[in-house]
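> This is the structure I have questions about; it appears just below.
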Amino acid sequence: MSYPVYSYRSLFPSLSSHIHLASCSQGALASPVSKAIEYYHNSLIAKGNNWHDAMGKVEAARGKFAELIGAETDEIAVLTSVSHAVSAVAASLPCQKYMNKIVFTDIDFPTVGHIWYAQDDFKDNIICICSNNGIIQPEQYEKQITGDTLLTCIPHVSYQNGFKQDIREIANIVHQKGSLLFVDAYQSAGHIPIDVKEMEIDILAAGTRKYMLGIPGTAFLYIRKELAEQLKPRMTGWLGQQKSSAFNIHHSQFAEGARRFETGTPSFISVYAGYEALNLLLSVGIDHIHSYLNDLAQLIWHYGREKGLHIIGPKDHEYRSSLTAIYAENAGEIERILRERNIIVSARKNAVRIAPHFYNTSEEIVHAIDELAKLVNGGKF
Ligand SMILES: Cc1ncc(COP(=O)(O)O)c(C=O)c1O
(Lines give C-alpha, C1' and ligand atoms only; values in the text may rest on other atoms or scores of the structure.)
Protein backbone atom coordinates (compact mmCIF):
# COMPACT_ATOMS: atom_id res chain seq x y z
CA MET A 1 0.00 0.00 0.00
CA SER A 2 2.36 2.66 -1.23
CA TYR A 3 -0.09 5.43 -1.82
CA PRO A 4 0.91 8.43 0.35
CA VAL A 5 -2.26 8.86 2.41
CA TYR A 6 -0.33 10.58 5.14
CA SER A 7 0.14 13.69 3.05
CA TYR A 8 -3.65 14.16 3.02
CA ARG A 9 -4.53 13.11 6.55
CA SER A 10 -3.69 16.50 8.00
CA LEU A 11 -6.54 17.95 5.90
CA PHE A 12 -9.05 16.03 8.05
CA PRO A 13 -8.97 17.31 11.66
CA SER A 14 -11.25 14.57 13.03
CA LEU A 15 -8.73 11.88 12.08
CA SER A 16 -6.44 12.89 14.92
CA SER A 17 -9.02 11.57 17.39
CA HIS A 18 -11.31 9.29 15.36
CA ILE A 19 -11.10 6.38 12.96
CA HIS A 20 -13.57 7.41 10.31
CA LEU A 21 -14.92 4.42 8.38
CA ALA A 22 -18.39 5.66 7.47
CA SER A 23 -17.94 7.17 4.00
CA CYS A 24 -21.01 5.20 2.85
CA SER A 25 -23.02 7.48 5.11
CA GLN A 26 -21.05 10.68 5.75
CA GLY A 27 -17.48 11.30 4.64
CA ALA A 28 -14.99 12.91 7.06
CA LEU A 29 -14.93 16.70 6.99
CA ALA A 30 -11.87 18.14 5.23
CA SER A 31 -10.48 21.58 6.18
CA PRO A 32 -11.08 23.10 2.71
CA VAL A 33 -14.72 22.00 3.05
CA SER A 34 -15.06 23.54 6.55
CA LYS A 35 -13.46 26.72 5.26
CA ALA A 36 -15.96 26.89 2.39
CA ILE A 37 -18.83 26.55 4.89
CA GLU A 38 -17.32 29.33 7.02
CA TYR A 39 -16.76 31.46 3.93
CA TYR A 40 -20.44 31.24 2.99
CA HIS A 41 -21.49 32.07 6.53
CA ASN A 42 -19.09 35.04 6.74
CA SER A 43 -20.08 36.36 3.33
CA LEU A 44 -23.71 36.57 4.49
CA ILE A 45 -22.54 38.73 7.39
CA ALA A 46 -20.15 40.81 5.30
CA LYS A 47 -22.31 41.28 2.20
CA GLY A 48 -25.88 40.83 3.43
CA ASN A 49 -26.88 39.18 0.15
CA ASN A 50 -24.42 37.00 -1.73
CA TRP A 51 -26.76 35.68 -4.42
CA HIS A 52 -24.52 36.31 -7.43
CA ASP A 53 -21.45 34.76 -5.82
CA ALA A 54 -23.52 31.78 -4.73
CA MET A 55 -25.03 31.23 -8.18
CA GLY A 56 -21.49 31.38 -9.58
CA LYS A 57 -20.54 28.62 -7.14
CA VAL A 58 -23.47 26.52 -8.32
CA GLU A 59 -22.07 26.75 -11.87
CA ALA A 60 -18.58 25.87 -10.64
CA ALA A 61 -19.88 22.85 -8.71
CA ARG A 62 -21.86 21.72 -11.75
CA GLY A 63 -18.63 21.82 -13.77
CA LYS A 64 -16.70 19.83 -11.16
CA PHE A 65 -19.31 17.07 -11.00
CA ALA A 66 -19.42 16.95 -14.81
CA GLU A 67 -15.65 16.44 -14.75
CA LEU A 68 -15.99 13.68 -12.13
CA ILE A 69 -18.30 11.61 -14.33
CA GLY A 70 -17.13 12.58 -17.83
CA ALA A 71 -20.25 14.57 -18.75
CA GLU A 72 -20.86 17.96 -20.38
CA THR A 73 -21.67 20.77 -17.95
CA ASP A 74 -25.16 21.32 -19.38
CA GLU A 75 -25.98 17.65 -18.79
CA ILE A 76 -25.96 18.25 -15.01
CA ALA A 77 -28.74 19.62 -12.79
CA VAL A 78 -27.90 20.77 -9.26
CA LEU A 79 -30.61 19.48 -6.91
CA THR A 80 -30.95 18.84 -3.18
CA SER A 81 -31.06 15.06 -2.70
CA VAL A 82 -31.00 11.83 -4.68
CA SER A 83 -34.69 11.42 -3.82
CA HIS A 84 -35.28 14.82 -5.44
CA ALA A 85 -33.41 13.66 -8.56
CA VAL A 86 -35.31 10.36 -8.86
CA SER A 87 -38.65 12.13 -8.28
CA ALA A 88 -37.85 14.78 -10.89
CA VAL A 89 -37.13 12.09 -13.48
CA ALA A 90 -40.14 9.96 -12.48
CA ALA A 91 -42.52 12.91 -12.84
CA SER A 92 -41.18 13.79 -16.29
CA LEU A 93 -41.37 10.37 -17.97
CA PRO A 94 -44.16 9.96 -20.51
CA CYS A 95 -46.21 6.82 -19.83
CA GLN A 96 -47.14 5.37 -23.22
CA LYS A 97 -49.43 2.45 -23.97
CA TYR A 98 -46.71 -0.03 -24.97
CA MET A 99 -43.84 1.61 -23.08
CA ASN A 100 -45.10 1.77 -19.54
CA LYS A 101 -42.97 -0.53 -17.41
CA ILE A 102 -40.43 0.53 -14.79
CA VAL A 103 -37.82 -1.92 -13.51
CA PHE A 104 -35.81 -1.43 -10.34
CA THR A 105 -34.10 -3.77 -7.88
CA ASP A 106 -34.36 -4.71 -4.22
CA ILE A 107 -30.75 -3.59 -3.76
CA ASP A 108 -31.72 -0.05 -4.71
CA PHE A 109 -31.94 2.37 -1.81
CA PRO A 110 -35.60 2.22 -0.60
CA THR A 111 -36.28 5.77 -1.78
CA VAL A 112 -36.26 4.47 -5.38
CA GLY A 113 -39.13 2.03 -4.70
CA HIS A 114 -41.07 4.58 -2.66
CA ILE A 115 -40.90 7.07 -5.51
CA TRP A 116 -41.93 4.65 -8.24
CA TYR A 117 -44.87 3.23 -6.29
CA ALA A 118 -46.09 6.82 -5.79
CA GLN A 119 -46.37 7.37 -9.57
CA ASP A 120 -50.01 6.70 -10.48
CA ASP A 121 -49.22 6.37 -14.21
CA PHE A 122 -46.75 3.54 -13.65
CA LYS A 123 -47.71 1.89 -10.38
CA ASP A 124 -49.39 -1.14 -11.99
CA ASN A 125 -46.37 -1.89 -14.18
CA ILE A 126 -43.49 -1.83 -11.76
CA ILE A 127 -41.14 -4.80 -11.56
CA CYS A 128 -38.69 -5.21 -8.71
CA ILE A 129 -35.81 -7.56 -9.52
CA CYS A 130 -34.97 -9.59 -6.41
CA SER A 131 -31.41 -10.25 -5.41
CA ASN A 132 -30.05 -13.56 -4.24
CA ASN A 133 -27.87 -13.09 -1.15
CA GLY A 134 -27.68 -9.40 -2.02
CA ILE A 135 -26.41 -10.07 -5.55
CA ILE A 136 -28.09 -9.72 -8.94
CA GLN A 137 -26.82 -11.69 -11.94
CA PRO A 138 -26.89 -10.04 -15.40
CA GLU A 139 -29.21 -12.85 -16.61
CA GLN A 140 -31.89 -11.50 -14.27
CA TYR A 141 -31.83 -8.19 -16.14
CA GLU A 142 -31.90 -10.10 -19.42
CA LYS A 143 -35.03 -11.91 -18.28
CA GLN A 144 -36.99 -9.15 -16.57
CA ILE A 145 -36.39 -6.16 -18.81
CA THR A 146 -38.79 -6.46 -21.73
CA GLY A 147 -39.61 -4.45 -24.85
CA ASP A 148 -42.12 -2.32 -22.92
CA THR A 149 -39.64 -1.27 -20.22
CA LEU A 150 -39.30 2.49 -20.33
CA LEU A 151 -36.72 2.83 -17.57
CA THR A 152 -34.44 0.50 -15.63
CA CYS A 153 -33.09 1.79 -12.29
CA ILE A 154 -30.05 0.20 -10.72
CA PRO A 155 -27.52 1.14 -8.07
CA HIS A 156 -23.86 1.13 -9.12
CA VAL A 157 -22.89 -0.11 -5.66
CA SER A 158 -25.36 -1.61 -3.19
CA TYR A 159 -25.68 0.42 0.03
CA GLN A 160 -26.39 -2.86 1.86
CA ASN A 161 -23.28 -4.91 1.15
CA GLY A 162 -21.00 -3.06 -1.30
CA PHE A 163 -21.92 -5.29 -4.28
CA LYS A 164 -20.61 -3.45 -7.37
CA GLN A 165 -22.43 -3.97 -10.64
CA ASP A 166 -20.85 -4.03 -14.09
CA ILE A 167 -22.61 -0.98 -15.52
CA ARG A 168 -21.33 -1.44 -19.07
CA GLU A 169 -22.64 -4.99 -19.23
CA ILE A 170 -26.04 -4.01 -17.82
CA ALA A 171 -26.24 -0.96 -20.12
CA ASN A 172 -25.86 -3.30 -23.09
CA ILE A 173 -28.75 -5.47 -21.94
CA VAL A 174 -30.95 -2.47 -21.05
CA HIS A 175 -30.36 -0.75 -24.39
CA GLN A 176 -30.85 -3.90 -26.44
CA LYS A 177 -34.32 -4.11 -24.89
CA GLY A 178 -35.00 -0.47 -25.80
CA SER A 179 -35.06 0.76 -22.20
CA LEU A 180 -33.29 3.74 -20.62
CA LEU A 181 -30.74 3.21 -17.85
CA PHE A 182 -30.84 5.20 -14.59
CA VAL A 183 -27.85 4.61 -12.30
CA ASP A 184 -27.91 5.62 -8.63
CA ALA A 185 -24.22 6.32 -8.05
CA TYR A 186 -24.50 7.66 -4.51
CA GLN A 187 -22.37 4.77 -3.16
CA SER A 188 -19.75 4.96 -5.93
CA ALA A 189 -19.21 8.58 -6.98
CA GLY A 190 -16.08 9.92 -5.32
CA HIS A 191 -14.16 6.64 -5.07
CA ILE A 192 -14.92 4.55 -8.18
CA PRO A 193 -14.14 5.97 -11.64
CA ILE A 194 -17.30 6.77 -13.60
CA ASP A 195 -17.48 7.76 -17.26
CA VAL A 196 -21.11 8.14 -18.25
CA LYS A 197 -20.32 8.14 -21.96
CA GLU A 198 -18.11 5.10 -21.91
CA MET A 199 -20.52 3.26 -19.56
CA GLU A 200 -23.49 4.34 -21.72
CA ILE A 201 -25.53 5.66 -18.82
CA ASP A 202 -28.60 7.71 -19.75
CA ILE A 203 -29.38 9.16 -16.33
CA LEU A 204 -27.33 9.19 -13.11
CA ALA A 205 -27.78 10.70 -9.66
CA ALA A 206 -25.43 11.12 -6.69
CA GLY A 207 -25.36 13.30 -3.60
CA THR A 208 -22.36 15.01 -2.02
CA ARG A 209 -22.60 13.75 1.56
CA LYS A 210 -21.00 10.31 1.37
CA TYR A 211 -17.83 9.48 -0.61
CA MET A 212 -17.99 12.93 -2.22
CA LEU A 213 -17.01 14.42 1.15
CA GLY A 214 -19.59 17.23 1.22
CA ILE A 215 -22.54 17.88 3.52
CA PRO A 216 -26.27 17.18 3.06
CA GLY A 217 -28.27 19.45 0.75
CA THR A 218 -26.74 18.87 -2.69
CA ALA A 219 -27.19 16.11 -5.24
CA PHE A 220 -26.43 16.12 -8.95
CA LEU A 221 -28.57 14.70 -11.72
CA TYR A 222 -26.92 13.78 -15.02
CA ILE A 223 -29.19 13.39 -18.03
CA ARG A 224 -27.81 12.71 -21.49
CA LYS A 225 -28.33 15.94 -23.42
CA GLU A 226 -30.57 14.67 -26.24
CA LEU A 227 -32.69 12.80 -23.71
CA ALA A 228 -33.10 15.81 -21.38
CA GLU A 229 -34.40 17.89 -24.27
CA GLN A 230 -37.14 15.30 -24.89
CA LEU A 231 -38.37 15.30 -21.29
CA LYS A 232 -40.90 17.72 -19.89
CA PRO A 233 -40.38 18.37 -16.18
CA ARG A 234 -43.52 18.30 -14.08
CA MET A 235 -41.68 18.88 -10.85
CA THR A 236 -40.35 22.30 -11.74
CA GLY A 237 -39.75 25.92 -10.69
CA TRP A 238 -38.30 29.22 -11.77
CA LEU A 239 -34.67 28.04 -11.92
CA GLY A 240 -35.64 25.40 -14.47
CA GLN A 241 -36.61 28.12 -16.89
CA GLN A 242 -34.60 29.33 -19.86
CA LYS A 243 -34.87 32.90 -18.58
CA SER A 244 -35.45 32.74 -14.85
CA SER A 245 -34.41 36.38 -14.45
CA ALA A 246 -37.25 37.57 -16.75
CA PHE A 247 -39.73 36.98 -13.88
CA ASN A 248 -42.53 36.46 -16.37
CA ILE A 249 -45.25 34.45 -14.65
CA HIS A 250 -47.20 33.79 -17.88
CA HIS A 251 -44.39 32.63 -20.09
CA SER A 252 -42.77 29.26 -19.51
CA GLN A 253 -39.89 27.86 -21.49
CA PHE A 254 -37.71 25.14 -20.03
CA ALA A 255 -33.97 25.66 -19.87
CA GLU A 256 -31.80 23.66 -22.23
CA GLY A 257 -30.32 20.35 -21.15
CA ALA A 258 -30.44 19.04 -17.59
CA ARG A 259 -30.89 22.52 -16.08
CA ARG A 260 -34.60 22.21 -16.89
CA PHE A 261 -34.85 19.82 -13.92
CA GLU A 262 -33.83 22.48 -11.44
CA THR A 263 -36.58 23.97 -9.30
CA GLY A 264 -35.84 26.61 -6.65
CA THR A 265 -32.86 28.05 -4.77
CA PRO A 266 -30.27 25.35 -4.03
CA SER A 267 -28.76 24.84 -0.58
CA PHE A 268 -25.92 27.31 -1.20
CA ILE A 269 -23.96 26.37 1.90
CA SER A 270 -23.91 22.75 0.78
CA VAL A 271 -22.92 23.76 -2.76
CA TYR A 272 -19.91 25.70 -1.40
CA ALA A 273 -18.93 22.63 0.61
CA GLY A 274 -19.54 20.27 -2.32
CA TYR A 275 -17.43 22.34 -4.70
CA GLU A 276 -14.38 22.23 -2.41
CA ALA A 277 -14.90 18.54 -1.70
CA LEU A 278 -15.04 17.72 -5.41
CA ASN A 279 -12.00 19.86 -6.01
CA LEU A 280 -10.09 17.88 -3.40
CA LEU A 281 -11.19 14.51 -4.78
CA LEU A 282 -10.27 15.45 -8.33
CA SER A 283 -6.87 16.72 -7.25
CA VAL A 284 -6.15 13.46 -5.40
CA GLY A 285 -7.42 11.54 -8.46
CA ILE A 286 -10.27 9.01 -8.52
CA ASP A 287 -8.07 6.34 -10.12
CA HIS A 288 -5.57 6.64 -7.26
CA ILE A 289 -8.33 6.58 -4.66
CA HIS A 290 -9.90 3.54 -6.30
CA SER A 291 -6.74 1.49 -6.41
CA TYR A 292 -5.79 2.42 -2.82
CA LEU A 293 -9.27 1.48 -1.60
CA ASN A 294 -9.05 -1.84 -3.44
CA ASP A 295 -6.08 -2.67 -1.25
CA LEU A 296 -7.86 -1.58 1.92
CA ALA A 297 -10.94 -3.61 0.94
CA GLN A 298 -8.76 -6.69 0.48
CA LEU A 299 -7.32 -6.12 3.92
CA ILE A 300 -10.79 -5.80 5.48
CA TRP A 301 -11.88 -9.00 3.72
CA HIS A 302 -8.87 -11.12 4.70
CA TYR A 303 -8.29 -9.74 8.19
CA GLY A 304 -12.03 -9.71 8.95
CA ARG A 305 -12.30 -13.40 8.04
CA GLU A 306 -9.16 -14.23 10.00
CA LYS A 307 -10.87 -12.64 13.01
CA GLY A 308 -13.93 -14.85 12.46
CA LEU A 309 -16.24 -12.14 11.12
CA HIS A 310 -19.02 -13.09 8.73
CA ILE A 311 -18.72 -10.84 5.69
CA ILE A 312 -21.95 -10.35 3.76
CA GLY A 313 -21.96 -9.76 0.01
CA PRO A 314 -20.06 -10.93 -3.05
CA LYS A 315 -17.17 -13.37 -2.65
CA ASP A 316 -15.80 -12.53 -6.06
CA HIS A 317 -13.33 -9.64 -5.84
CA GLU A 318 -14.51 -8.24 -9.17
CA TYR A 319 -17.96 -7.50 -7.70
CA ARG A 320 -16.78 -6.10 -4.38
CA SER A 321 -16.29 -2.42 -3.65
CA SER A 322 -14.52 -0.81 -0.71
CA LEU A 323 -17.77 -0.91 1.29
CA THR A 324 -17.71 -4.10 3.35
CA ALA A 325 -20.72 -5.27 5.36
CA ILE A 326 -20.22 -7.50 8.39
CA TYR A 327 -23.05 -9.51 9.86
CA ALA A 328 -23.98 -8.55 13.40
CA GLU A 329 -27.27 -9.25 15.22
CA ASN A 330 -27.13 -5.98 17.08
CA ALA A 331 -25.46 -3.80 14.47
CA GLY A 332 -26.99 -0.53 15.71
CA GLU A 333 -25.75 -1.15 19.23
CA ILE A 334 -22.28 -2.05 17.95
CA GLU A 335 -22.17 1.16 15.92
CA ARG A 336 -22.99 3.09 19.11
CA ILE A 337 -20.33 1.34 21.21
CA LEU A 338 -17.68 1.76 18.54
CA ARG A 339 -18.54 5.47 18.31
CA GLU A 340 -17.86 5.76 22.05
CA ARG A 341 -14.44 4.28 21.24
CA ASN A 342 -13.95 6.89 18.50
CA ILE A 343 -14.45 4.41 15.67
CA ILE A 344 -17.10 5.61 13.25
CA VAL A 345 -18.88 2.89 11.25
CA SER A 346 -22.42 2.73 9.86
CA ALA A 347 -25.06 0.11 10.70
CA ARG A 348 -27.93 -1.01 8.48
CA LYS A 349 -30.28 -3.73 9.73
CA ASN A 350 -28.05 -6.68 10.73
CA ALA A 351 -24.86 -5.34 9.20
CA VAL A 352 -22.05 -3.11 10.32
CA ARG A 353 -20.71 -1.34 7.24
CA ILE A 354 -17.05 -0.43 7.07
CA ALA A 355 -16.46 2.16 4.37
CA PRO A 356 -12.95 3.65 4.25
CA HIS A 357 -11.74 6.50 2.05
CA PHE A 358 -8.33 7.61 0.85
CA TYR A 359 -7.62 9.19 4.26
CA ASN A 360 -7.69 5.86 6.12
CA THR A 361 -4.66 3.73 6.90
CA SER A 362 -4.23 -0.04 7.13
CA GLU A 363 -3.40 0.35 10.86
CA GLU A 364 -6.80 1.98 11.40
CA ILE A 365 -8.52 -0.89 9.60
CA VAL A 366 -6.75 -3.50 11.72
CA HIS A 367 -7.62 -1.68 14.96
CA ALA A 368 -11.28 -1.20 13.96
CA ILE A 369 -11.63 -4.87 13.00
CA ASP A 370 -10.02 -5.98 16.27
CA GLU A 371 -12.54 -3.90 18.22
CA LEU A 372 -15.45 -5.02 16.06
CA ALA A 373 -14.48 -8.68 16.37
CA LYS A 374 -14.40 -8.41 20.17
CA LEU A 375 -17.99 -7.11 20.12
CA VAL A 376 -19.36 -9.47 17.46
CA ASN A 377 -17.65 -12.65 18.61
CA GLY A 378 -17.38 -12.06 22.32
CA GLY A 379 -20.55 -10.04 22.83
CA LYS A 380 -18.64 -7.79 25.26
CA PHE A 381 -20.99 -4.87 25.69
C1 LIG B 1 -27.52 4.46 -2.88
C2 LIG B 1 -28.34 5.53 -2.20
N3 LIG B 1 -29.26 6.18 -2.91
C4 LIG B 1 -30.03 7.14 -2.36
C5 LIG B 1 -29.90 7.47 -1.03
C6 LIG B 1 -30.79 8.53 -0.46
O7 LIG B 1 -30.27 9.79 -0.78
P8 LIG B 1 -31.03 11.12 -0.40
O9 LIG B 1 -31.23 11.14 1.07
O10 LIG B 1 -30.11 12.20 -0.90
O11 LIG B 1 -32.33 11.14 -1.12
C12 LIG B 1 -28.93 6.83 -0.25
C13 LIG B 1 -28.76 7.22 1.16
O14 LIG B 1 -28.15 6.58 1.95
C15 LIG B 1 -28.14 5.83 -0.86
O16 LIG B 1 -27.23 5.15 -0.16
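> Under Stokes-Einstein, with the Kirkwood radius over Cα pairs standing in for Rh, what whole-number D in µm²/s applies to segment 1-63 at 37 °C and 0.692 mPa s?
Rounded, D is 231 µm²/s.
> Setting aside same-chain residues fewer than 8 positions from residue 123, which lysines have a Cα under 19 Å from its Cα?
Straight-line reach from residue 123, under 19 Å: 97, 101.
> Another question about this same structure. Provide the net charge surrounding residue 152, with neighbours chosen by a C-beta distance below 10 Å and charges set as Lys +1, Arg +1, Asp -1, Glu -1.
Working: positive: 101, 177; negative: 202.
Residues near residue 152 contribute +1 overall.
> Could you check the simple spin-label distance between residue 341 and residue 123, using points 7 Å along Cα→Cβ, in nm with one decimal?
The modelled label-to-label distance comes out at 4.7 nm.
> Can you give me the Cα centroid spacing of segment 29-58 and segment 324-381 in angstrom?
Using only Cα atoms, the two centres lie 35 Å from each other.
> Moving on to the next point. Rank by packing, highest mean first: peptides 293-305, 89-101, 318-330, with packing defined as the count of other Cβ atoms within 10 Å averaged across residues. Write out the running numbers ahead of the final one.
Working: 293-305: 18.2, 89-101: 15.7, 318-330: 21.3.
For the peptides 293-305, 89-101, 318-330, the packing ranking is 318-330, 293-305, 89-101.
> What relative contact order, as a whole-number percentage, does the chain give when Cα pairs under 8 Å and 6 or more residues apart are counted?
So the answer I get is 24 percent.
> Could you calculate the contour length gain from residue 41 to residue 242, that is, 0.36 nm times the residue separation minus the distance between their Cα atoms, to one decimal place in nm?
On the way: separation 201, 0.36 × 201 = 72.36 nm, distance 2.96 nm.
Stretched fully, the residue 41-residue 242 segment lengthens by 69.4 nm.
> Once phi is turned into θ = phi - 60°, what whole-Hz ³J(HN,Hα) does the Karplus curve with 6.51, -1.76 and 1.60 give for every residue of segment 302-316, x standing for Gly and Pro?
Once θ is set to phi - 60°, the couplings for segment 302-316 become 6, 5, x, 5, 4, 7, x, 7, 9, 8, 8, x, x, 8, 6 Hz.
> Sequence-distant or interchain residues sharing an amide H contact under 5 Å with residue 180, placed H: which?
Long-range HN contacts for residue 180: 151, 152.
> Starting from the Cα of residue 243, draw a straight line to each of the aspartates and glutamates and keep only those under 13 Å, dropping any in the same chain fewer than 8 residues away.
Within the straight-line limit of under 13 Å, residue 243 reaches these aspartates and glutamates: 256, 262.
> Just to make sure I understand: if all protein chains stay in place, what is the order of 198, 333, 276 by accessible area at 1.4 Å, largest first? Before the final figure, lay out the partial values.
On the way: 198 110, 333 75, 276 45 Å².
From most exposed to least exposed: 198, 333, 276.
> Moving to a separate point now. Build a GNM of the chain with springs between Cα atoms under 10 Å: which of 116, 51, 238 gets the top mean-square fluctuation?
Maximum fluctuation in the GNM of the chain, among the listed residues, is at 51.
> Which net charge results when you count Lys and Arg as +1 and Asp and Glu as -1 among the other residues whose beta-carbon is under 12 Å from that of residue 268?
Values: positive: 57; negative: 53.
Net charge around residue 268: 0.
> Here is a follow-up. For residue 210, which lysines qualify as cross-link partners when the Cα separation must be under 21 Å and same-chain residues fewer than eight apart are set aside?
Within the straight-line limit of under 21 Å, residue 210 reaches these lysines: 35, 57, 64, 164, 349.
> Would you give the gap between the C-alpha center of segment 303-317 and the C-alpha center of segment 183-231, rounded to a whole Å?
Cα centres, segment 303-317 to segment 183-231: 29 Å.
> First select every other residue whose beta carbon is under 15 angstrom from the beta carbon of residue 231; then total the charges, Lys and Arg +1, Asp and Glu -1. Write down the numbers at each step before the final one.
Values: positive: 224, 225, 232, 234, 259, 260; negative: 74, 75, 121, 202, 226, 229, 256, 262.
Computed value for this residue: -2.
> Which residues' amide hydrogens lie under 5 Å from the amide hydrogen of residue 320, considering only partners 5 or more residues apart or on another chain, with H built in the peptide plane?
Sorted by chain and number, the residues that satisfy this are 164.
> A further question on this structure: Does segment 63-121 come out rounded, prolate or oblate by the C-alpha gyration tensor, with a ≥ b ≥ c the root eigenvalues, rounded set by a/c under 1.5 and, if not, prolate when a/b is larger than b/c and oblate if not? Write out the running numbers ahead of the final one.
Working: a/c = 2.23, a/b = 1.66, b/c = 1.34.
It is prolate, given that a/c is not under 1.5 and a/b is the larger ratio.
> In whole percent, how big is the carbon plus sulfur part of the accessible area of the chain, probe 1.4 Å, protein atoms only? Mind dumping the intermediate values first?
Details: 8220 of 16090 Å².
It is 51 percent, rounded to a whole number.
> Solvent-accessible area per residue for the chain at a 1.4 Å probe radius, Å²? Write out the running numbers ahead of the final one.
Numbers: 16090 Å² over 381 residues.
Per residue, the chain has an accessible area of 42 Å².
> Please state the shape class of the chain: rounded when a/c is under 1.5, otherwise prolate if a/b exceeds b/c and oblate if not, all from the C-alpha gyration tensor. Walk me through the numbers on the way to the answer.
On the way: a/c = 2.04, a/b = 1.23, b/c = 1.65.
The shape class here is oblate.
> Report the gain in length on full extension from residue 146 to residue 99: 0.36 nm times residue separation, minus Cα-Cα distance, nm rounded to one decimal. Provide the component values of the computation, followed by the final result.
Values: separation 47, 0.36 × 47 = 16.92 nm, distance 0.96 nm.
Gain on stretching residue 146 to residue 99: 16.0 nm.
> For segment 68-207, take the convex hull of the Cα atoms, compute a quarter of its surface area, and give me that in nm², please.
Values: hull surface 31.6 nm².
The orientation-averaged projected area of the Cα hull of segment 68-207 comes to 7.9 nm².
The values are calculated or read from the model by the stated rules, or taken from the named source; none is laboratory data. Quick caveat: nothing in here was measured; it's all calculated off a predicted structure. Neighbour counts run over all protein chains shown; Cβ positions are idealised from the backbone, glycine included. Quick note on the areas: whole protein, heavy atoms, side chains included, nothing else; ligands and nucleic acids left out. Shrake-Rupley method; radii C 1.70, N 1.55, O 1.52, S 1.80 Å.
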